[in-house]
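See structure below.
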Amino acid sequence: MAKRRKSYRKKNPIAVTVIAVAIVVLFLIRLYQVFAPLVRDGVFTNGVSGPLIEGLRLSPLGQALLSSVTYLVLSAAGIVVLIGFLRLKRWSWVLLMGWTGISLIISLVEYFYSRPNYAVMASNVIIAFALNITDVQRIFKIRSGDGGPSF
């Protein structure tokens, strides 16, 4: 019977995996948000037909295109952050914490205007709590071994 080789590589806490899954969920939601307004306005069937700007405001078609482009950029940024996060880069932790805070503020504003997206809110809350776990902060060198911040 073959002996199993011991791995001395330190395993990451489960919180890192949970955060990675939450980032993937957010990516899929944002990807849906890229295509939903375009399908709703018939861009894929009719093409871009009509003005994008009416006076000094965006037309509904212009708003749909701007929304889709914004969510496409957010989706691409999410993939970059996910790759950095899985490679345990410190900048990805800092960027993800800032991004999560801003996203939570935007989600709260949308909640008060009666357009809540509960999946995004739940994913952001899970990410925020998981990023603040001591083991996760130590892995990303945000917190030193003695419990104090590592600046």
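Any residue at all in the range 109-117 that is crowded, with 17+ Cβ neighbours inside 10 Å and either under 11 Å from the mean Cα position of the chain (by Cα) or farther than 20 Å from V24 by Cβ (or both)? Within the range 109-117, none of the residues are crowded, with 17+ Cβ neighbours inside 10 Å and either under 11 Å from the mean Cα position of the chain (by Cα) or farther than 20 Å from V24 by Cβ (or both). V125 passes every criterion in (1) more than 15 Å from R30 (Cα to Cα); (2) in contact with a Ser or Thr (Cβ under 8 Å, 6 or more places away or on another chain); (3) modelled with pLDDT of 90 or more apart from (2).
Beta carbons closer than 6 Å, at least 6 apart along the sequence or on distinct chains, pair a first residue in the range 112-135 that is over 16 Å from G78 (Cα atoms) and in contact (Cβ under 8 Å) with a residue 12 or more places away in the chain with a second that is of a type outside the set (D, E) and not in a helix (DSSP H, G or I) for D135/P13.
Going through V69, V80 one at a time, which residue ends up being under 17 Å from V24 (Cβ atoms), exposed (fewer than 13 other Cβ atoms within 10 Å of the Cβ) and within 16 Å of the chain's Cα centre (by Cα)? Let's see the steps before the verdict.
On the way: V69 fails: under 17 Å from V24 (Cβ atoms).
One residue alone meets the criteria, V80.
When you scan the range 110-121, do you find a residue that is on the phi > 0 side of the Ramachandran plot, at pLDDT below 90 and out of contact with any His (no Cβ under 9 Å at 6 or more places or on another chain), even just one? Taking every residue of the range 110-121 in turn, at least one turns out to be on the phi > 0 side of the Ramachandran plot, at pLDDT below 90 and out of contact with any His (no Cβ under 9 Å at 6 or more places or on another chain). Evaluate the following for Y32: is it within 14 Å of the chain's Cα centre (by Cα) and not polar (S, T, N, Q)? So Y32 fits the description; yes.
State whether the residues of the range 21-35 include one that is farther than 21 Å from T134 by Cβ and polar (S, T, N, Q).
Taking the range 21-35 first, the residues farther than 21 Å from T134 by Cβ are 24-35.
Next, from what is left, pick out any that are polar (S, T, N, Q): 33.
Yes: the range 21-35 contains one or more residues that are farther than 21 Å from T134 by Cβ and polar (S, T, N, Q).
Mind listing whichever residues of the range 64-83 are among the polar types (S, T, N, Q) and either in contact with a Ser or Thr (Cβ under 8 Å, 6 or more places away or on another chain) or free of Cβ contacts under 8 Å to residues at least 12 places away in the same chain (or both)? I'd like the intermediate steps shown before the answer.
The initial filter retains those residues of the range 64-83 that are among the polar types (S, T, N, Q), namely 67-68, 70, 75.
Hit for the range 64-83 is T70, nothing else.
Annotation for the range 84-105: at least one member residue is exposed (fewer than 14 other Cβ atoms within 10 Å of the Cβ), of a type outside the set (S, T, Y), more than 18 Å from A20 (Cα to Cα) and free of Cβ contacts under 8 Å to residues at least 12 places away in the same chain.
In the range 24-47, which residues are in a helix (DSSP H, G or I) and either aromatic (F, W, Y) or over 19 Å from A119 (Cα atoms) (or both)?
Going through the range 24-47, the residues in a helix (DSSP H, G or I) turn out to be 24-40, 43-46.
Once the filter is applied, which keeps residues that are in a helix (DSSP H, G or I) and either aromatic (F, W, Y) or over 19 Å from A119 (Cα atoms) (or both), the range 24-47 yields F27, Y32, F35, L38, V39, R40, V43, F44, T45, N46.
Which residues, taken from the range 48-88, are touching a strand residue (DSSP E or B) at 6+ places or on another chain (Cβ under 8 Å) and not in a helix (DSSP H, G or I)?
Residues of the range 48-88 that are touching a strand residue (DSSP E or B) at 6+ places or on another chain (Cβ under 8 Å), as a first pass: 52, 59, 62, 66.
Selection gives L52, S59.
The values are calculated or read from the model by the stated rules, or taken from the named source; none is laboratory data. These numbers were taken from a predicted model, which means no experiment stands behind them. Positions of Cβ are generated from backbone atoms using ideal geometry, with glycine treated the same way; all protein chains shown enter the neighbour counts.
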